[in-house]
Amino acid sequence: MSEWSGILRRQELGGSTTWTLETARGPVQLRGSVPAKLEGTRVRVRGREAEQQFGFAMTGPVVQTDSIVAER
C-alpha cells in the first residue's frame, strides 16, 4: 500500500464524475469511495496503483483507494 497527499478535485466528464488528487508530482486519478465533503481540501490517500489501467480523464496514474482522510 502507498500514500499520496494533495488537493482533492472533482471533474465532470461526459455525464460522469471523476476524482483526482493534485499532488506535487502531478495529478492522480482516484477509483473507489471518495467522500464528496472533502472536495477542495488537502487530503492523504492510502491505496494501490492500479496496473494497466487508464481513466476517462487521462490525468495520470489510477489509484484504487483504501482510505481518504483530511490532513490537519
With +1 on the Cβ of every Lys and Arg and -1 on the Cβ of every Asp and Glu, the dipole magnitude of region 2-70 about its Cα centre, in debye rounded to the nearest 20, is 180
Rounded to whole Hz and in sequence order, give me ³J(HN,Hα) for region 38-51 from the Karplus expression 6.51 cos²θ - 1.76 cosθ + 1.60, θ = phi - 60°, writing x for Gly and Pro. 8, 4, x, 9, 7, 10, 10, 10, 10, x, 10, 6, 6, 7
Quick query: amide H of Ala50 versus all other amide H atoms, modeled in the peptide plane; which residues come in under 5 Å with a sequence gap of 5 or more or a different chain? Val62, Val63, Gln64
Roughly how many nanometres apart are two label points built 7 Å out from the Cα toward the Cβ at Lys37 and Glu22? 2.3
With Rg/Rh (Cα atoms, Kirkwood Rh) as the read-out, I listed (i) 0.92; (ii) 1.22; (iii) 1.08; which label goes with the value calculated from this structure? (i)
With unit charges on the beta carbons (Lys and Arg positive, Asp and Glu negative) and the dipole taken about the Cα centre of region 2-70, which residue among Gly40, Pro61, Ala24 sits farthest to the positive side? Gly40
Theoretical gain in end-to-end length, Ser67 to Arg46 [0.36 nm per residue, Cα-Cα removed]: 7.0 nm
Mean Cα-pair separation over length for the chain, i.e. relative contact order, pairs under 8 Å, 6 or more apart, %: 34
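We did not get these values from a lab; they are worked out from the coordinates using the rules stated. Quantities reported herein were computed from a predicted structural model and do not represent experimental measurements. Positions of Cβ are backbone-derived with ideal geometry, glycine not excepted, and every protein chain shown enters the neighbour counts.
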